[in-house]
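Chemist: This is the structure I want to talk about, given as structure tokens.
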Amino acid sequence: MTASLPRQAAPPDEPRRPTEDPRHKARRRALTLLIIVLLIGVPAGYLVISANQSRDSGKDKEEKYSATGLTPGWPSKVQRRLYQVTVPHPADHIAYYETNNWKTSRLYVQFRTNAAGLDSFLGAMGVRRDQLKKDDLTISARDQKVSGWHFTGPGPWSGLTHEQKNPAPTQDVVVNTSDPDFPMVYVVSRTVP
């Protein structure tokens with residue numbers, strides 16, 4: 001059996017509090033509930049949104065890095081700068097693929113452009129159109145297999161290899177001028193990390 005403790009009486013000089021009216025009580029409880037919802041709900045909502053964005057980002061990266069062939073679209077600016085592949089404007093039918101290993105990194109790029117775009121592309125590499133050698137398929141059979149390119153269609157085909165001293169990349173270029181107004185360009189740029 002527990003002994004009950006005596007209650008302490010209120011000091012006689014303190015005035016009694018008036019009883020709280022029901023409207024004030026409801027308002028106070030609503031304000032308390034709002035504060036609790038804001039303190040718990042906002043951070044929880046932020047965590048849910050952040051987790052979803054993080055998961056989506058991971059899926060995007062997984063798709064990008066699990067690609068096993070040419071991906072339609074532009075290579076990133078970093079890739080274009082690192083591999084020194086300047087895709088001219090205008091260009092369409094753009095696709096790229098990057099491979100990396102401990103020995104060599106390669107960027108495969110294809111695009112169709114106009115005659116001025118081809119001159120601009122070659123000029124950015126430091127070469128001229130007259131340096132392209134007719135029927136010279138400079139992209140190796142290995143690189144053709146990796147990229148899925150087959151240089152068997154109507155030509156004429158021409159190519160060149162632009163060699164540079166490491167760490168600058170070396171580019172193998174093949175151009176199909178079956179439509180001289182809109183040549184198709186294939187580039188393999190390789191660098192040694």
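Chemist: Using the alpha carbons of the stretch 66-124, what is the convex hull volume per residue in cubic angstrom, as a whole number?
Modeler: Hull volume normalised by residue count: 85 Å³.
Chemist: I want to verify the translational diffusion coefficient of the chain in µm²/s; compute it with Stokes-Einstein, Rh as the Kirkwood radius over Cα pairs, at 4 °C and 1.567 mPa s.
Modeler: 59
Chemist: So what is the 222 nm mean residue ellipticity for the chain from helices alone, if each DSSP H run of at least 4 adds -39500 (n - 2.57) and you divide by all residues, rounding to the nearest 500 deg cm²/dmol? If you can, show how the numbers build up before the last one.
Modeler: Values: 4 runs with 68 residues, N = 193.
Roughly -12000 deg cm²/dmol at 222 nm, from the helical runs in the chain.
Chemist: Further question: Using only the Cα atoms, what convex hull volume per residue in Å³ does the stretch 73-164 have?
Modeler: Normalising the Cα hull of the stretch 73-164 by residue number yields 117 Å³.
Chemist: Now, a different point. Measure nothing fancy, just the Cα-based angle from helix 115-125's long axis to the longest principal axis of the chain, in degrees from 0 to 90, nearest 10.
Modeler: Rounded to the nearest ten degrees, it is 80.
Chemist: Springs between alpha-carbon atoms under 10 Å, Gaussian network over the chain: tell me which of Leu118, Leu34, Leu137 tops the mean-square fluctuations.
Modeler: Checking each option, the largest mean-square fluctuation is seen for Leu34.
Chemist: With springs only between Cα atoms under 10 Å, which of Thr71, Thr104, Thr170 fluctuates most in a Gaussian network model of the chain?
Modeler: With Cα springs under 10 Å in the chain, the top fluctuation among Thr71, Thr104, Thr170 is at Thr104.
Chemist: Leaving out ligands and nucleic acids, and using a 1.4 Å probe, what accessible area per residue does the chain come to in Å²?
Modeler: I get 71 Å² per residue for this part.
Chemist: In a GNM of the chain with a 10 Å cut-off on Cα contacts, which of Pro183, Pro167, Pro43 has the highest mean-square fluctuation?
Modeler: Pro43
Chemist: To continue, here is another question. With a 1.4 Å probe and all protein chains left in place, how much of the accessible area of the chain comes from carbon and sulfur atoms, in whole percent?
Modeler: That share works out to 57 percent.
Chemist: Here's something else I'd like to know. FRET efficiency for Val78 and Asp181, Cβ-Cβ distance as r, R0 = 22 Å, nearest 0.05? Spell out each step's value before the answer.
Modeler: Working: r = 32 Å, r/R0 = 1.44.
With a Förster radius of 22 Å, E is 0.10.
Chemist: Related question: Taking the 0 to 90 degree range and rounding to the nearest ten, how far is the long axis of helix 22-65 tilted relative to the main principal axis of the chain, both from C-alpha atoms?
Modeler: Helix 22-65 and the main axis of the chain meet at about 20 degrees.
Chemist: In whole Å, largest first, what are the principal axis extents of the Cα atoms in the stretch 124-181?
Modeler: For the stretch 124-181, the Cα extents along the three principal axes come out at 35, 28, 16 Å.
The values are calculated or read from the model by the stated rules, or taken from the named source; none is laboratory data. Keep in mind it's a predicted model, so treat the numbers as computed, not measured. Neighbour counts are summed over all protein chains in view; Cβ atoms, including those assigned to glycine, are modelled from backbone coordinates with ideal geometry. Quick note on the areas: whole protein, heavy atoms, side chains included, nothing else; ligands and nucleic acids left out. Shrake-Rupley method; radii C 1.70, N 1.55, O 1.52, S 1.80 Å.
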